[in-house]
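Since the structure comes first, as structure tokens, the remarks are kept for the end.
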């Protein structure tokens, strides 16, 4: 099952950290997401020849992506990044940089970097955890930061 709806998108700010001295400047992307769902075998399909109504998956995916829409995404596990709540603000120190954001406009992610590789992994893990109750065998999530440039993750991994 392949789901690549036009509204499977989110716009967010982030920056990548390359090494101990190099990192991008804060900037944003209009991310696009595609989800592939491995369904049970042909014998396990509904008697009418389908697996499940697409809307079950589409509604969940869209609602999840909306949580990251128009947010600043920051890597909570990045060793050089410090966070301090100050009233309605979140103060962020990264090496020599200092940012102050409205706290309700920041999403701290349980990653070391806000790369498309890490974003696709987070989404794939969450989607699989939710969809396996329907008999889904695996989920592949592709996150593109621009057309033709992205990464995908399969959960559970086939390694």
Check: Could you give the alpha-carbon Rg of the stretch 110-159 over 2.2 N^0.38 Å, rounded to two decimals?
Finding: 1.16
Check: Given N residues in the stretch 2-155, what is Rg(Cα) / (2.2 N^0.38 Å)?
Finding: 1.19
Notebook entry, point to check: Tilt of helix 54-66 relative to the longest C-alpha principal axis of the chain, in degrees (0 to 90, nearest 10)?
Noted result: 0
Check: Does the stretch 16-89 come out rounded, prolate or oblate by the C-alpha gyration tensor, with a ≥ b ≥ c the root eigenvalues, rounded set by a/c under 1.5 and, if not, prolate when a/b is larger than b/c and oblate if not?
Finding: prolate
Item checked: Whole-angstrom gap from the stretch 58-82 to the stretch 126-145, using each part's C-alpha centre -> 17
Next item on the list: Treating the angle as unsigned and between 0 and 90°, give the value, to the nearest 10°, between the Cα long axis of helix 116-131 and the longest Cα principal axis of the chain.
Entry: 40
Next item on the list: May I ask you to sort 93, 39 by Cβ crowding, counting other Cβ atoms within 10 Å and putting the fewest first?
Entry: 93, 39
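No value in this document is a laboratory result; all are computed from the given coordinates. Quick caveat, the model's predicted, so the values are computed rather than measured. Counting neighbours? That spans all protein chains shown, and the Cβs are built from the backbone with ideal geometry, glycine included.
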